[in-house]
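Heads up, the thing below is written out as structure tokens.
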Amino acid sequence: ASLLQDQVGRAVWRSAGICCGLMVGLSLIVGLAVFNESFKRGWQFPKQFPEGYIWSFEQVPGDVQSIIAGTPGVKNFAAANAINVIVEERGGPMEQVLLSQTWFLGADPDAFLDLVKLEFLPGEGDEQTARALLRKGGHILIAADFARSRRKSFHEQRDEDGNIILSNKVRVWFNDRWTEFTVAGVIDSPALDIAAGYFQLESQAYVVASGSVIGTQADLRQRFGIDGTKLVLLNFDIPESEPPADWSPPTSDSPMGKPTDDYYNATLSRQSRWRYYQEAMLLQNLRDSIGARQAFWGTARELKDQIDSELTRMTYLLTAVPLVALIVAAVGVANLMTANVAARTKAIAIMRAVGATRGQILRLVIGEATVLGLLGSGLGLALGMHLAWNTNVMTARMWGFDAPFAVPWGIVAAAVLLTIGLCIIAGVLPARHASRTNVIDALHVA
């Protein structure tokens, strides 16, 4: 142990270079892994969400509600519309620079709130009050992240000098003019924003800002001159039945407008796939009936699975970038370890001359690589946690999305073990070379 300590401390700058190389690669992996895990845990679908949806990127004209109401298999539903608008930020001299595009959802308050169970923040309104204010017009519901990032609240708050600290007014820019709305409540349902972004990216490829707002179709018509339907949310009323004997579960690719289909999942039971098939056919027929043949349709279960899949895929993609950096750092570690061994050729030869075996020299060099790997991993782990924490804080302050600090210990542990393993592997070749060095030649050359 004392000999290993002497060897590690003899070349401080080279040892520090090895630790820094490992630290940078590992810290990026840990930081991104923790941030992505925190982001995934920070959003949840509302407690009650419709079973099916139809989303059109074009306005669907006509009496959509009458068509849906007369369709067998639909228990209850809500038809809504949506437009992209500009919403104000925090105000001040940078307001024009910070304007952001977001999603204004207009729906019938009663039908929508019957389908979607929204959770109101304490002291920021309630469902009964929100229903009454939305029916009155000129009011909107905002998400918690919207309220935090733009300093909005259900109740206006002022300081001792009369300056507004929290405003209950939101200005929306559409058709070259500002329209002011009053906050009817603040809801804690961040998944609505992600779902909104998902719909838009699937259709018009708009970049939707964090913090969509929920208003009414009446306001869309009266204040913005927009009429039609873009979104249908519904619950199914399909009686349980056994699949026909001649029915075969579909095995082909998904039909147009459908990202994934549970009835294609061969791991599910035949009864379950028959149920999902009935739901899919109802949504497809309903889409055709209202004249939205190019619309997307699916179930909330599949929507959530699709979003989870995209988030997981993004996590893996972002983690792969620092992984490459870590491998490059390992190559640098191998070079530095080789330089360390070459610089100590005479010292190693002297140790061999006084009785050190090849195995001891081998263990000495690998032990040095292990110590440096542990030091680099410890620094990288600390720096990565610090990076993830700062990223979460900046996200909360800039966008209002307050995600919990969640650590995926499995991924973090694997990254640490990988770092130490790469460092040890990088030290194997120099260690073997050092253990096989000819003592007489090494002393003569030195």
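How would you classify segment 116-195 from its alpha-carbon gyration tensor, with a ≥ b ≥ c the square roots of the eigenvalues: rounded for a/c under 1.5, else prolate if a/b is greater than b/c, otherwise oblate? Present the calculation step by step, with values, prior to reporting the outcome.
Working: a/c = 1.44, a/b = 1.17, b/c = 1.23.
Judged from the Cα gyration tensor, segment 116-195 comes out rounded (a/c under 1.5).
With a probe of 1.4 Å, find how much accessible area segment 60-186 has per residue, and write the answer as a whole number in Å². Don't skip to the end; give the middle numbers.
Working: 6010 Å² over 127 residues.
Accessible area per residue, segment 60-186: 47 Å².
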Original post:
For the peptides 281-290, 162-171, what is the packing order when you average, over each peptide's residues, the other Cβ atoms within 10 Å and list the highest mean first?
Top reply: 281-290, 162-171
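Please work out the FRET efficiency for the pair Ala347 and Ala414, using the Cβ-Cβ distance as r and a Förster radius of 22 Å; give the result to the nearest 0.05. Let's see the in-between values first.
Numbers: r = 36 Å, r/R0 = 1.64.
The value I calculate is 0.05.
Using 0.36 nm per residue of separation minus the Cα-Cα distance, give me the extension gain between Arg171 and Asp288 in nm, one decimal.
Details: separation 117, 0.36 × 117 = 42.12 nm, distance 3.68 nm.
Contour length minus the Cα-Cα distance gives 38.4 nm.
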**OP:** Per residue of segment 278-288, in order, report the coupling 6.51 cos²θ - 1.76 cosθ + 1.60 (Karplus, θ = phi - 60°) as ³J(HN,Hα) in whole Hz, putting x for Gly and Pro.
**Re:** 4, 4, 5, 5, 5, 5, 5, 5, 5, 4, 5
Original post:
³J(HN,Hα) across segment 27-32 via Karplus (A = 6.51, B = -1.76, C = 1.60, θ = phi - 60°), whole Hz, x for Gly/Pro?
Top reply: 4, 5, 5, 4, x, 5
Subject >> Lys/Arg +1, Asp/Glu -1 at C-beta; segment 331-426 dipole; positive extreme among Ala406, Ile424, His386 >> reply: Ile424
Subject >> Dipole magnitude of segment 120-163, debye to nearest 20 (Cβ charges: Lys/Arg +1, Asp/Glu -1, about Cα centre) >> reply: 300
Original post:
What's the Cα-based Rg to Rh of segment 358-437, Rh via Kirkwood?
Top reply: 1.25
Original post:
Between Ile164 and Arg14, how many nm apart are label points set 7 Å from Cα along the C-beta direction?
Top reply: 6.6
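The values are calculated or read from the model by the stated rules, or taken from the named source; none is laboratory data. Owing to the predicted nature of the structure, the values given are computational and were not obtained by experimental measurement. Methodologically, a virtual Cβ is constructed for each residue, glycine included, from the backbone with ideal geometry; neighbour enumeration extends over all protein chains shown. The area values use the complete protein model at the heavy-atom level, side chains included, leaving out ligands, DNA and RNA. Shrake-Rupley method; radii C 1.70, N 1.55, O 1.52, S 1.80 Å.
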